[in-house]
Amino acid sequence: MSDTDQADNALDAAARRLDRAIGALEARFAAGKLSGVRGDPDLFDRDRAELAAQLEAARAREKALEAVAAEASAALGRAAAEVRSALKAEA
């Protein structure tokens, strides 16, 4: 068995364990056996809303960074063109 096959088998086993753990956790949530679940039925909705807000903020930061990177790239391109022009003028 190759290293890749062993890694795939280990990954498959880990995924199965994770699936079982998630199933057990979901069952406990459904039964109301986890702390906070019985006292606050809207907990998941608020968590989901908070995560959605965080994701939206991260996407906005990503777009801003992309814009800044594009501006920096354009400025670098202009500077490189100026250097090439200056070098040609000297030659």
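Observations
- When residues of the stretch 22-35 are limited to those that are part of a helix (DSSP H, G or I) and modelled with pLDDT under 80, the one nearest to the chain's Cα centre (by Cα): F29
Yes or no, residue by residue, for (1) at pLDDT below 90; (2) out of contact with any Cys (no Cβ under 6 Å at 6 or more places or on another chain); (3) exposed (fewer than 10 other Cβ atoms within 10 Å of the Cβ):
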site: D3; (1), (2), (3): yes, yes, yes
site: R20; (1), (2), (3): yes, yes, no
site: V37; (1), (2), (3): yes, yes, no
site: A80; (1), (2), (3): no, yes, no
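The values are calculated or read from the model by the stated rules, or taken from the named source; none is laboratory data. All values reported here derive from a predicted model rather than from experimental measurement. Neighbour counts are summed over all protein chains in view; Cβ atoms, including those assigned to glycine, are modelled from backbone coordinates with ideal geometry.
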